[in-house]
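What follows is a short report on a single structure.
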Amino acid sequence: MELLRFTLAQIEAFACVCETGTLTQAAKKLKKDRTTVSELLEYLEVDLGYALFDRSTRPLTLTPQGQLLYRQARLFLHEAEAFSRIARHIPDILETHLTLCYDLFTPRALLLKLAERLQAQHIQLDMIACERSQAEQWLDEGSVDLGLFQAVNRSVNDHLHWRAVGSVSLAVYAHEDYFPKQPVSLLHLASQPQLMPFRDLPPSLAGRIRIADRLIHVNEITLLEGLLQRGCGWAFLPEHFCAERLEGVARIDTEMGTTGLAHPLVALWKPGVVGAPMLAQLLTAMEEGI
């Protein structure tokens, strides 16, 4: 059976005449000419093959067929209104979905508070842990919006911008029996395996946190914590990890003290990918620690 061809304007005109009782009142409500409303109904009736109104009465009354069709018309218009609302807000939905990349050292409390703050503003935040080199590629491609990583003391590239948003304090952690004598010298640290949370370590960052000749790369925090507990090595870790909460793991005193163990945290983004007001809001929130 061939489908009936009709327009939304025809269904609106039909329903409006049903509810107002006259072509004149329907035209006023729809803000159309009376002739236009009349033609919309007539063309619809021609396509249907039957009359919808008894035009001998004032106000117009529905024929039996028109009464049945009016119920369907009203349901159809409700669906059309729902479609219109969704379609109108699609740009807002797309513009309020952000993706942030971060590394192992990024404070999780900062990320959770950031996600909570954005959620309150109906902004969805996807968070992906990855190496900085991978994040820079994704940022340059525009597939992610923002990166949060350790500073590497070099320019990013011509396409990405950066901004300092705080720092991360680092300390040495190991099993409490790993270094019997404290404070531990740099020479002693260098002689023992160091657990390294990064696979692709930028030279500038390696120069700050790599001390040992032997590295064990493990960039999954649960495995790294397990190796610490089993005495498989020591690690420079952010203080916000609270690694001393782990059974048998302790913060180790070293001859370095705490000087120089704070490392800058920077935000990376590609201009134009994130809207300026939203980006400014994110950066301000991170600088303030939420």
Excluding A80 itself, what net charge comes from residues whose Cβ is under 11 Å from its Cβ, given Lys and Arg +1 and Asp and Glu -1?
-1
What accessible area, in Å² to the nearest ten, does a 1.4 Å probe give for E19?
80
Would you mind working out the magnitude of the charge dipole of the stretch 37-140 relative to its Cα centre, with +1 at each Lys and Arg C-beta and -1 at each Asp and Glu C-beta, to the nearest 20 Debye?
500
Excluding R55 itself, what net charge comes from residues whose Cβ is under 15 Å from its Cβ, given Lys and Arg +1 and Asp and Glu -1?
-2
Among DSSP beta bridges lying fully in the chain, give the percent that are antiparallel, nearest 5.
60
Stokes-Einstein at 20 °C, 1.002 mPa s, Kirkwood radius from Cα pairs: D for the chain in µm² s⁻¹?
88
Given R₀ = 22 Å, what would the calculated FRET efficiency be for T57 paired with D33, taking r from the Cβ atoms and rounding to 0.05?
0.45
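Treat the stretch 27-179 as a sphere of radius equal to its Kirkwood radius over Cα pairs and apply Stokes-Einstein at 4 °C in a medium of 1.567 mPa s; give the translational diffusion coefficient in µm²/s, rounded to a whole number.
Values: Rh = 22.1 Å.
Here the translational diffusion coefficient equals 59 µm²/s.
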Rounded to the nearest 5, the percent of antiparallel DSSP beta bridges in the stretch 52-192 equals 20
Could you work out the relative contact order of the chain, using alpha carbon pairs under 8 angstrom and six or more residues apart, expressed as a whole percent?
20
Under 15 Å from the Cβ of V37, count the other residues' Cβ atoms, weight Lys and Arg +1, Asp and Glu -1, and hand me the total.
0
Find the accessible area per residue for the stretch 16-91; the probe is 1.4 Å, ligands and nucleic acids are left out, and the unit is Å².
67
A87 and R5 label points (each 7 Å along its Cα→Cβ direction) are spaced in nm at 1.9
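Can you check how the C-alpha radius of gyration of the stretch 3-78 compares to 2.2 N^0.38 Å, as a plain ratio?
0.98
For the chain, what % of the accessible area comes from carbon and sulfur atoms, probe 1.4 Å?
C and S fraction of accessible area: 54 percent.
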Ranking T222, C242, P193 by how far each Cα lies towards the positive end of the charge dipole of the chain (+1 on Lys and Arg Cβ, -1 on Asp and Glu Cβ), the top one is C242
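The values are calculated or read from the model by the stated rules, or taken from the named source; none is laboratory data. This is a predicted model, so every value here is computed, not measured. Quick reminder, even Gly has a Cβ in these numbers, built from the backbone with ideal geometry, and neighbours come from all protein chains shown. Note: areas computed on protein heavy atoms with side chains; ligands, DNA, RNA excluded. Shrake-Rupley method; radii C 1.70, N 1.55, O 1.52, S 1.80 Å.
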